[in-house]
Amino acid sequence: MQQLPKRLLSIDVLRAITMLLMIFVNDAGGVKHIPEWIDHAKGFEDRMGFADTIFPAFLFIVGLSLPFAINNRIKKGDSTRQVLFYILVRSAALLIMGFYHVNLEEYNSSAALISKAAWALVITMAFFLIWLDYPETMAKTKRYALQILGIAMLIVMAVIYKGGEDGEVRGMEPSWWGILGLIGWAYLVCALIFFAVKGKLSSLIVAWIVLAAINILAHSILKIKVLHDETMVTIAGKDVTGSSLGNAIIFLKPLWIINDASTMTLTMGGVIISGIYAKLVEQCKTQRIWATLAVIGILFLVAGFALRLYTEGISKIRSTPAWVFICSGITTLAFLMLIYMVDVKGKINAFNWIKPAGTSTLTCYLIPYFQVFILELFHINYPGVINNGFPGLLRSFITAVIIVLFVGLLEKKRLRLKI
């Protein structure tokens, strides 16, 4: 398998910036009267706001760093079984956390034993107990005891969970998997493909083409709708419900972990960009990196706007191909600029203050759950003056910065999640 060169510092910086902005836009989602271009677009709209570019950027970055992580494991001497175990464990952790988070959205406090805020705080603490990066000096019995405690907490929270509307109360069940779950599925599929083809760039490009084609077909030719509990399947406008093909599609749909392949297309795009970079460095053609990545980024943008007219417009909520391609282009060009600033010009120190968001990313993602639900638990609300318009946005950005700095302090004490 091709060995990649030394890890690009620009990937960590890009991840840190993206994580900081993710915390900001998540917090700003609760601010009233913010400019339309900052917020998420509605599901029925043919557009995207600034907030709609953050999650796809993160998926793309997962792809950028994936080859480095897997190849480093192989370089250290890990066997095939160990590498596969590493991939499966990381994916499972993200899926479990995503599963709990998506059920948190539907939590019914009036029907449950404890409030939504208390439930959220307990599961977040459990995540830390299970996946904390425990120091090697800690006794194994103590570490295992804490991890077992975390698992027990999740089991108890699953047992007492009540979700849904009053009159239709239900237990925990999978839905759209949540942000972390979507990342987990995308990582699992792309990591397994990368490992299976041994990092061969031509094979990875073919995989990306297949995933992108699935995404395009799912938003143009193939349509699956559920009306009054009856599933309808159309291909190129022709109703095939009840036919052999239609029945096969309906039968296999629950197994489609790739769904419309939007998240996998974004992640595999990042994998390919890393592969192209590595190949050019290996061939001592680093001067071609700038033109190559710039052209790819622009082509992504052009393809996205071209597909907009034929694949249901631009929409993050509906994960349309136009959204996938445009965000891939934006992230590629942003990555190219950071390669120049950080890896060529050595401006890494300018980003040191947000470094924890790039090195303790999952910790940064989960800490806001403590912030939000502690406030909710004690019925503390922001004053209207700092939860409205520009003052509210400024408060959200300051909150994001404080969280990143706080995670930096936790990182110094080895209190960070590691999966």
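The values are calculated or read from the model by the stated rules, or taken from the named source; none is laboratory data. Since we're looking at a predicted model, the values are computed, not measured. Neighbour counts run over all protein chains shown; Cβ positions are idealised from the backbone, glycine included. Calculation scope for accessible area: heavy atoms of the full protein, side chains included, ligands and nucleic acids excluded. Shrake-Rupley method; radii C 1.70, N 1.55, O 1.52, S 1.80 Å.
Residues that are open to solvent by 20 Å² or more (accessible area, probe 1.4 Å), under 26 Å from Leu338 (Cβ atoms) and part of a loop (DSSP other than H, G, I, E, B): does the stretch 42-60 have at least one?
yes
Look at Ala291 and say whether it is at pLDDT 95 or above, open to solvent by 30 Å² or more (accessible area, probe 1.4 Å) and more than 25 Å from Val210 (Cβ to Cβ).
yes
Against the condition open to solvent by less than 20 Å² (accessible area, probe 1.4 Å), hydroxyl-bearing (Ser, Thr, Tyr) and in a helix (DSSP H, G or I), how does Thr124 come out, does it pass?
So Thr124 fits the description; yes.
Hey, could you check the stretch 361-396 for residues that are closer than 23 Å to Ile38 by Cα, of a type in the set (Phe, Trp, Tyr) and within 28 Å of the chain's Cα centre (by Cα) and say which is surrounded by the most Cβ atoms within 10 Å (Cβ to Cβ)?
Step by step, filter the stretch 361-396, then rank; the result is Tyr365.
Picking from Leu299, Leu362, which residue would you name as being modelled with pLDDT of 95 or more and in contact with a strand residue (DSSP E or B) (Cβ under 9 Å, 6 or more places away or on another chain)?
When all the criteria are applied, what remains is Leu362.
Of a type in the set (Lys, Arg), touching a residue at least 40 places away in the same chain (Cβ under 8 Å) and within 25 Å of Ile367 (Cα to Cα) - does that describe any residue in the stretch 73-80?
Checked against the condition, which is being of a type in the set (Lys, Arg), touching a residue at least 40 places away in the same chain (Cβ under 8 Å) and within 25 Å of Ile367 (Cα to Cα), the stretch 73-80 yields no hits at all.
Check the stretch 63-82 and report whether any residue there is in a loop (DSSP other than H, G, I, E, B) and either crowded, with 21+ Cβ neighbours inside 10 Å or in contact with a strand residue (DSSP E or B) (Cβ under 9 Å, 6 or more places away or on another chain) (or both).
No.
So in the stretch 131-172, with the set limited to residues that are part of a helix (DSSP H, G or I) and touching a strand residue (DSSP E or B) at 6+ places or on another chain (Cβ under 8 Å), which one is surrounded by the fewest Cβ atoms within 10 Å (Cβ to Cβ)?
So the residue we want is Leu146.
Here is a check on your reading of the model: is Ala16 free of Cβ contacts under 8 Å to residues at least 12 places away in the same chain, in a helix (DSSP H, G or I) and either of a type in the set (Gly, Ala, Ser) or surrounded by 14 or more Cβ atoms within 10 Å (Cβ to Cβ) (or both)?
no
Would it be correct to say that Ile179 is crowded, with 21+ Cβ neighbours inside 10 Å and either in a loop (DSSP other than H, G, I, E, B) or in contact (Cβ under 8 Å) with a residue 40 or more places away in the chain (or both)?
Here the answer is no, as Ile179 does not meet what is asked.
Name every residue in the stretch 101-115 that is surrounded by fewer than 19 Cβ atoms within 10 Å (Cβ to Cβ) and closer than 21 Å to Gly181 by Cα, in order of residue number.
Within the stretch 101-115, Glu105, Glu106 qualify.
So for the stretch 400-408 (the condition being at positive phi and in contact (Cβ under 8 Å) with a residue 24 or more places away in the chain), does at least one residue qualify?
Checked against the condition, which is being at positive phi and in contact (Cβ under 8 Å) with a residue 24 or more places away in the chain, the stretch 400-408 yields no hits at all.
Are any residues in the stretch 315-354 open to solvent by 10 Å² or more (accessible area, probe 1.4 Å) and in a loop (DSSP other than H, G, I, E, B), and if so, which ones?
Matches in the stretch 315-354: Lys316, Ile317, Arg318, Ser319, Lys345, Gly346.
Being free of Cβ contacts under 8 Å to residues at least 24 places away in the same chain and under 19 Å from Val197 (Cβ atoms) is the filter here; which residues of the stretch 86-114 pass it?
Within the stretch 86-114, Tyr86 is the sole residue that qualifies.
So Tyr382 clears everything in (1) of a type outside the set (A, V, I, L, M, F, W, C); (2) outside any helix (DSSP H, G or I); (3) more than 22 Å from Val404 (Cβ to Cβ) except one condition, right? Which one?
So Tyr382 meets the others, but not (3).
Take the residues of the stretch 187-205 that are in contact (Cβ under 8 Å) with a residue 12 or more places away in the chain and out of contact with any helix residue (DSSP H, G or I) (no Cβ under 8 Å at 6 or more places or on another chain): which is most open to solvent (accessible area, probe 1.4 Å)?
Applying the filter and picking the extreme gives Lys198.
For every residue, the table says whether it meets (1) at pLDDT 95 or above; (2) not small (Gly, Ala, Ser).
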{"position": "Leu104", "(1), (2)": "yes, yes"}
{"position": "Ser110", "(1), (2)": "no, no"}
{"position": "Ala120", "(1), (2)": "yes, no"}
{"position": "Leu132", "(1), (2)": "yes, yes"}
{"position": "Glu136", "(1), (2)": "no, yes"}
{"position": "Lys142", "(1), (2)": "yes, yes"}
{"position": "Leu149", "(1), (2)": "yes, yes"}
{"position": "Ala152", "(1), (2)": "yes, no"}
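Suppose the filter is over 15 Å from Gly63 (Cα atoms), of a type in the set (Val, Ile, Thr), modelled with pLDDT under 90 and not in a helix (DSSP H, G or I); does Ile257 pass it?
yes
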